[in-house]
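Working notes for the structure below.
A short reminder: the numbers here are calculations on the coordinates, not readings from a lab. Remember, predicted model here, so these are calculated numbers, not experimental data. With ideal geometry, Cβ positions are generated from the backbone for all residues, glycine too; neighbour counts draw on all protein chains shown.
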Amino acid sequence: MADNKQLACMTCVPKGLCQGKGLVTLKEGAWANNPLAIQMLGICSALAVTNRLENSLVMGAALIFVCVGSNLIVSLLRKYTPHRIRMIAEVAIIATFVILFDQFLKAFYWDMSKQLGPYVGLIITNCIVMGRAEAFALQNPPMLSIVDGLANGIGYAVVLAIIGFFRELLGSGEIFGRTVLSADWYTPNQIMILAPGAFFALGIVIGIFNAIKGPEPEEKK
Amino acid sequence: MKGSVYTLGYAAVLGAVCAFLLTAAASFTAPYREANAEAEEALNILLALKVPLPAEISSKQVVKMRDENVQGKKRGDITTYVYSGAEANGKVLAVAIRFSGPGLWGPIKGFLALEPDMRTIRGITFYEQEETPGLGGEIAALWFREQFAGKSIVDADGKSGIIISSRGEPAPNKVDAITGATMTCDKVQAMLNEVIKSIVKEKQ
């Protein structure tokens, strides 16, 4: 988390855009309002691609790229976008970023692209990206929107990396495809590779997140 | 009215900009993607023919290995890919035929490799498919493909064709279907029978 804070200040302090908001936004997105662990968004991809740590990291990078890019553009266009077609405009912007990333993977990381299969393309429908564009970028200036996109992207990527780490470790005894738990004394637990393992891992991560964060303060009516 | 014109104009401009960006990206990455696709195809010919491959192999090496070991030969309407390794002194070790057809979500393409007797299946691979991951997508999994090895493209009565089904008695030309992927299996069966028909026709 220390690194994230550094990043936030580097993004906004020199430009004087922070005004204390950058850090709050970052903390909100990456931790207090974590898109996966607290808001329960983007569960589908988090379950599907986390069977290996490498896949999880690439997927996290993809979401950071898309979220930052689409937040920036949506925020830049927020005063010009007609209210009636703002959602379709957001989808068009998001889809453009997603396809750009997909093309990049297909051209330079073919094996990774094969493993992630349709899930990169499905980022278009990821509620996190759309949610941030609609809830944040439409009302906030570009720099702050970038920070928000970064924060939510990191929040998603970190949870994915944690799940990917444990699923690969327990499921195949490997990390980054290298054997860590020797087959001599560790029998890989197949279920961690399969879908049920994803649910177990995600549930435990969400539980730990919420236990550390403490219960949600009740809203006063 | 003025609002509508602005909205339409905005949508048109945004659409045009996005389309331009995507076209630019697509044409920039096209040569890389084509090279990847060629390597993928080459790898699948080699895998279907069961050409021994080193554990680690780059995409350039794959294309080179295919060019060294496999010759494309046209026989009537079908193109066969003949595997005769350097050590085999020109003896035919296996023959692969490309097949393709519509899947459930998109086109399915692959290679069916036969032993020199042109009856027994040596291997099968799918190098392009967009079936449902975990269901129809399992056609590309090793367990499904390995079932085909040693099966015959002709049944006990000499009738040609392969059956992919979970029902009925085991037969020399029958493999198990994937539960929950009946549509994909039926379509794969249809496209395999199509290519088997053309092989049998060519043999006569």
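Write down the radius of gyration of chain B and its Dmax, each obtained from C-alpha positions, in Å.
Values for chain B (Cα only, Rg and Dmax): 21.5, 80 Å.
Sort largest first and round to whole Å: the equivalent ellipsoid semi-axes of chain A, each the square root of five times a Cα gyration tensor eigenvalue. All intermediate terms of the calculation are to be shown ahead of the outcome.
Working: eigenvalues 196, 89, 51 Å².
Values for chain A, descending: 31, 21, 16 Å.
Whole-Å semi-axes of segment B:1-114's equivalent ellipsoid, largest first, each the root of 5 times a Cα gyration tensor eigenvalue?
Values: eigenvalues 419, 58, 23 Å².
So the equivalent ellipsoid measures 46, 17, 11 Å along its semi-axes.
What distance in nm separates the two pseudo spin-label positions at A:I208 and B:K60, each 7 Å out from Cα along the beta-carbon direction?
4.3 nm
Order of B:V92, B:V188 from fewest to most other C-beta atoms within 10 Å? Each step should come with its number before you reach the end.
Details: B:V92 14, B:V188 29.
Exposure proxy ranking, most exposed first: B:V92, B:V188.
Rounded to the nearest 5, what is the percent of antiparallel bridges among the DSSP beta bridges in segment B:67-204?
Values: 26 of 28 bridges.
Of all bridge pairs located within segment B:67-204, approximately 95 percent are antiparallel.
Going by C-beta contacts inside 10 Å, put B:V154, B:V13 in order with the fewest on the left.
Values: B:V154 18, B:V13 11.
Result, fewest neighbours first: B:V13, B:V154.
Just want the answer: with Cβ charges of +1 for Lys and Arg and -1 for Asp and Glu, which residue in A:I146, A:Y119, A:F176 is farthest toward the dipole's positive end in chain A?
About the Cα centre, the residue reaching furthest to the positive side is A:I146.
Give me the angle, in degrees from 0 to 90, between the Cα long axis of helix B:2-49 and the longest principal axis of the Cα atoms of chain B, rounded to the nearest 10.
The angle comes out near 20 degrees.
Taking segment A:56-121, which chymotrypsin sites (Phe, Trp or Tyr not before Pro) meet the DSSP loop condition and have no more than 12 other C-beta atoms within 10 Å? Let's see the in-between values first.
On the way: sites: A:F65, A:Y80, A:F97, A:F101, A:F104, A:F108, A:Y109, A:W110, A:Y119; in loops: A:Y80, A:Y109.
Listed in order of number, the matching sites are A:Y80.
What does DSSP give for the protein assembly as shown in terms of the percent of beta bridges that are antiparallel, rounded to the nearest 5? Please report the intermediate quantities before stating the final value.
Details: 28 of 30 bridges.
Around 95 percent antiparallel, to the nearest 5.
Determine the shielding of peptide B:35-43 by partner chains: average, over its residues, the number of Cβ atoms on other chains within 10 angstrom of each Cβ. Please report the intermediate quantities before stating the final value.
Values: counts 2, 8, 2, 0, 1, 3, 0, 0, 0.
Whole-number average of other-chain Cβ neighbours for B:35-43 is 2.
Note down, for the protein assembly as shown, the three equivalent ellipsoid semi-axes (square root of 5 times each alpha carbon gyration tensor eigenvalue), biggest first, whole angstrom.
Whole-Å semi-axes of the equivalent ellipsoid: 48, 26, 20.
Across the residues of A:95-104, average count of Cβ atoms on other protein chains within 10 Å? Kindly include the intermediate steps, with their values, before the conclusion.
On the way: counts 2, 8, 2, 0, 5, 6, 1, 2, 8, 4.
Mean shielding count: 4.
Given 0.36 nm per residue, what is the gain on full extension from B:K74 to B:K50 after removing their alpha carbon distance, in nm?
Value of the extension gain: 6.5 nm.
Give the separation of the Cα centroids, segment B:161-201 to segment B:134-152, in Å.
11 Å
Using the alpha carbons of segment A:96-221, what is the convex hull volume per residue in cubic angstrom, as a whole number?
Details: hull volume 21.2 nm³, N = 126.
Spelled out: Cα convex hull of segment A:96-221, divided by residues, is 168 Å³.
So what is the relative contact order of chain A, in percent, for Cα pairs below 8 Å that sit 6 or more residues apart?
On the way: 298 pairs, mean separation 70.7, N = 221.
Worked out over chain A, it gives 32 percent.
Return the distance in nm (one decimal) between the two label points of a simple spin-label model at B:W105 and A:M87, each offset 7 Å from Cα along Cα→Cβ.
Placing both labels 7 Å along Cα→Cβ, they lie 2.4 nm apart.
Starting at the first residue of segment B:184-201, write each ³J(HN,Hα) from the Karplus equation 6.51 cos²θ - 1.76 cosθ + 1.60 with θ = phi - 60°, in whole Hz, x for Gly and Pro.
Each residue of segment B:184-201 in turn: 4, 5, 4, 5, 5, 4, 4, 6, 5, 5, 4, 6, 5, 4, 5, 5, 4, 4 Hz.
Counting only C-alpha contacts under 8 Å and six or more residues apart, can you give the relative contact order of chain B as a whole percent?
14 percent
Which helices, taking whole DSSP H runs in chain A, have alpha carbons extending 24 angstrom or more along the helix axis plus mean Kyte-Doolittle at least 1.0? It would help to have the intermediate numbers written out before the result.
Numbers: long enough: A:53-76 (34 Å, 1.75); A:86-108 (33 Å, 1.51); A:142-172 (43 Å, 1.32); A:195-213 (27 Å, 1.65).
Correct list, ordered by number: A:53-76, A:86-108, A:142-172, A:195-213.
Per-residue Cβ counts within 10 Å, from other chains only, averaged over B:7-18: what number is that?
On the way: counts 6, 2, 1, 6, 6, 0, 1, 10, 3, 0, 4, 8.
Mean shielding count: 4.
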